[in-house]
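Contents: one structure, followed by commentary.
What follows draws every value from the coordinates through simple rules; no lab data is involved. Keep in mind that this is a model prediction, so the values were computed, not measured. Using ideal geometry, Cβ is built from the backbone for each residue, glycine included, and neighbour counts are taken over all protein chains shown.
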Amino acid sequence: MKFTTVSVSYSRKFNLGNFESLDLGCSLWAQVEDGEDAEGITQFLYQQAKASVKQAAMPVLKASEFQINKVKSSKKVSGDINESDW
């Protein structure tokens with residue numbers, strides 16, 4: 001039985017205005033056995049890393065006046081802000 005390790009890293013930098021930024025990242029690894037779908041596992045790890053970065057960023061972004069104004073200006077119809085807008 002042969003094992004292969006796959007790893008995924010995801011990082012994102014958010015502009016907070018006033019020359020401030022928030023840089024977050026997440027790296028995940030998994031061992032893949034022969035016969036397992038390495039590509040599927042890689043995609044799963046990517047989605048998990050991306051969700052982790054988003055979850056970690058949300059409290060800071062919701063408190064950032066710059067980001068709130070950025071999201072509001074990109075919404076043309078209403079001022080309702082959803083997490084999917086970030």
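General observations
- Straight-line cross-link partners of residue 70 among the lysines, defined as a Cα under 19 Å from its Cα and at least 8 positions apart when in the same chain: 13, 54, 62.
- Overall Cα dimensions of the chain, principal axis frame, Å, largest first: 55, 29, 15
- Segment 3-74, relative contact order [Cα under 8 Å, separation at least 6], %: 35
- FRET efficiency, 1/(1 + (r/R0)^6) with R0 25 Å, evaluated for residue 7 and residue 34 via beta carbons: 0.85
- Sequence-ordered 3J(HN,Hα) estimates for segment 56-62 from the Karplus curve with 6.51, -1.76 and 1.60 and θ = phi - 60° stand at 5, 7, 4, x, 6, 5, 5 Hz, glycine and proline given as x.
- At R0 = 25 Å, FRET efficiency that the Cβ-Cβ distance of residue 21 and residue 41 yields, to 0.05: 0.20
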